[in-house]
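Data block below; observations after.
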Amino acid sequence: MSAKMAPWQPAGQLGDIVLSPELNNKLRHNAAVNIMDGALFGFGIMGLASYVTIIPLFLSYLTESTALIGFVAALFHIGWQIPQLLTSSYVAGLERFKPMVLVTTLFERLPFFGLALVALAIPTIGTDAALILTLLLLAIQSLGGGFTGTPWQSMISKIMPAHRLGTFFGIQSACVNLFGAGGALLASLILKRLDYPVSFSLLYFVTGLSLVISFLFLAWTYETKSASKDVVERLNWSDFGRRLRQILHRNYNFRWFLIARSLTSLSLTVISFYTIFGIRRFDMSPEFVGVMTSVLLLANTLSSSVIGWIGDRWGHRRVLIMANLLTVLGIGIALTAPDASWFYLVFALTGVVNATQWTTIMTITVQFCTVAERPFYIGMANTLIAPVTVFAPIIGGWLVDAVSFELTFGIFALAGALSILVFVFPMEDPGGAVGIATAD
């Protein structure tokens, strides 16, 4: 039979191999509620309170240290990546992932109400206290995302057919960034019409409200109990470490993937510095920064669905090669730009790159393993690259302050070029990466 069906058409015999009959019948429902969860999540956290533009801009009012602003990017990665491996053994023993997702995700959503209060209180508490409280709340927010990451990715991989997973993440990412672009435009208007710090207080409050509504859609996800063969007995720390070493020892292709991911993460650190670079070199206004966020998110929206579809058919490794080429190109344009208008192109390329990272990384990771091993692979794919993503923004910020943007950006570009070499030569497509969705 043809696999070329509408994305949320129940997949018949081909889909039954992956999904239970109950989940197959709920495919459209689960796709719809999780896409809406992502869309409203993106409206807030990708648009109104973007880690790429809005939060660095807010921090620039609280501190002049580029290194400290770079540390915030590291803080986000620490919170997102480190908990995922630590929770993987617990997640692998769950019959249902949704209850854990609903509890842990509150900690990545509610802190924005706290940020709204902190911003509003700046005239009273001062910038030093506001900076400390902001860093604390951002740490809680990122850790909430990290503890949610493994069970959420495991849940989505469970309720979506394997041969449609890239397409789902692509469509969800497109909606995340479409709504995020709308949020960024609203952020630009708020920053233009309201004075600091009231403008940021309103941005954070509306972000929190959007995330609460998206939580309701997430709570409507339908999930059945996992089959006993797909539930792993929880391991003590000694056996857990031995299990991870066994996986890394036997799966050389996954080891190369982790190396390529580490280099890619190093090159992508440049994104955290584009806004500060543009402000200092071209004196970008807050409104211009808001427009750049919209450009980034619109580019992400337009490319996400296509990238997921291409990855499911052409191979997600090839998509990652293309993304790293665009990263290096974007760095080159930023360094040689004669005026700020060139940053429209830089942020557009960055949007495409971000689309590939969200859509492709989560899809290709679960192609290396069995269903029962998914939490372990998801955890390793995120946590083992944490040293790079944690220290790269800090060291990058220090290099900018001590030497120059040019040297720092050059190092990021070199890392991107090396990642391309790893993806092209030693690494191969994981099993089941291509051909599944095109068979007749």
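Miscellaneous remarks
- Some residue of region 149-156 being touching a helix residue (DSSP H, G or I) at 6+ places or on another chain (Cβ under 8 Å), more than 22 Å from Met362 (Cα to Cα) and either crowded, with 19+ Cβ neighbours inside 10 Å or among the aliphatic types (A, V, I, L, M) (or both): no
- Residues located in region 57-103, provided they are buried (at least 18 other Cβ atoms within 10 Å of the Cβ), among the β-branched types (Val, Ile, Thr), over 17 Å from the mean Cα position of the chain (by Cα) and not in a loop (DSSP other than H, G, I, E, B): Thr66, Ile69, Val91
- Single residue of region 104-113 satisfying the filter (within 19 Å of the chain's Cα centre (by Cα) and of a type outside the set (S, T, N, Q)) that is nearest to Ala392 (Cα to Cα): Glu108
- Within the option set Gly330, Gly397, being modelled with pLDDT under 85, buried (at least 24 other Cβ atoms within 10 Å of the Cβ), part of a helix (DSSP H, G or I) and not hydrophobic (A, V, I, L, M, F, W, C) holds for one residue only, Gly397.
- Qualifying positions in region 166-186 - surrounded by 24 or more Cβ atoms within 10 Å (Cβ to Cβ) and among the hydrophobic types (A, V, I, L, M, F, W, C): Phe168, Phe169, Ala174, Val176, Phe179, Ala181, Ala184
- Selection of region 224-262 for residues being closer than 21 Å to Pro151 by Cα, over 27 Å from the mean Cα position of the chain (by Cα) and in a helix (DSSP H, G or I) yields Ser228, Lys229, Trp237, Asp239.
- Met284 meets the conditions (1) farther than 16 Å from Val388 by Cβ; (2) assigned to a helix (DSSP H, G or I) in every case but one. The failed one is (2).
- Flag if Val371 is assigned to a loop (DSSP other than H, G, I, E, B) and under 30 Å from Lys225 (Cβ atoms): yes
- Options Trp314, Trp309; residue that is in contact with a Ser or Thr (Cβ under 7 Å, 6 or more places away or on another chain), surrounded by fewer than 22 Cβ atoms within 10 Å (Cβ to Cβ) and touching a residue at least 60 places away in the same chain (Cβ under 8 Å): Trp309
Residues checked against (1) modelled with pLDDT under 90; (2) buried (at least 23 other Cβ atoms within 10 Å of the Cβ); (3) under 18 Å from Ser142 (Cβ atoms):
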{"residue": "Pro7", "(1), (2), (3)": "yes, no, no"}
{"residue": "Val33", "(1), (2), (3)": "no, no, no"}
{"residue": "Met36", "(1), (2), (3)": "no, no, no"}
{"residue": "Ile54", "(1), (2), (3)": "yes, yes, yes"}
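- Matching residues in region 340-359 - criterion: being under 13 Å from Ala174 (Cα atoms), among the hydroxyl-bearing types (Ser, Thr, Tyr) and without any contact (Cβ under 8 Å) to a residue 60 or more places away in the chain: Thr356
- Subset of region 104-113 (residues that are surrounded by fewer than 22 Cβ atoms within 10 Å (Cβ to Cβ) and either of a type in the set (Val, Ile, Thr) or free of Cβ contacts under 8 Å to residues at least 60 places away in the same chain (or both)): Thr104, Phe107
- Hits in region 216-226 (condition: surrounded by fewer than 18 Cβ atoms within 10 Å (Cβ to Cβ) and either in contact (Cβ under 8 Å) with a residue 24 or more places away in the chain or under 12 Å from Asn30 (Cβ atoms) (or both)): Ala219, Trp220, Tyr222, Thr224, Lys225
- Taking region 187-213 as the range and being surrounded by fewer than 24 Cβ atoms within 10 Å (Cβ to Cβ), hydroxyl-bearing (Ser, Thr, Tyr) and part of a helix (DSSP H, G or I) as the test, the residues that pass are Ser188, Ser199, Ser201.
- Close pairs from region 126-139: first within 13 Å of Val72 (Cβ to Cβ) and in contact (Cβ under 8 Å) with a residue 40 or more places away in the chain, partner buried (at least 18 other Cβ atoms within 10 Å of the Cβ) and aromatic (Phe, Trp, Tyr), Cβ under 8 Å, at least 6 apart: Thr134/Phe58; Leu138/Phe76
- Ser50 passes every criterion in (1) surrounded by fewer than 23 Cβ atoms within 10 Å (Cβ to Cβ); (2) outside any helix (DSSP H, G or I) apart from (1).
- Flag if Ser294 is closer than 22 Å to Ser419 by Cβ, polar (S, T, N, Q) and either assigned to a helix (DSSP H, G or I) or out of contact with any strand residue (DSSP E or B) (no Cβ under 9 Å at 6 or more places or on another chain) (or both): no
The values are calculated or read from the model by the stated rules, or taken from the named source; none is laboratory data. What you are looking at is a predicted structure, and each value in this text was computed from that prediction instead of being measured. Every residue, glycine among them, receives a Cβ derived from its backbone with ideal geometry; neighbour counts consider all protein chains shown.
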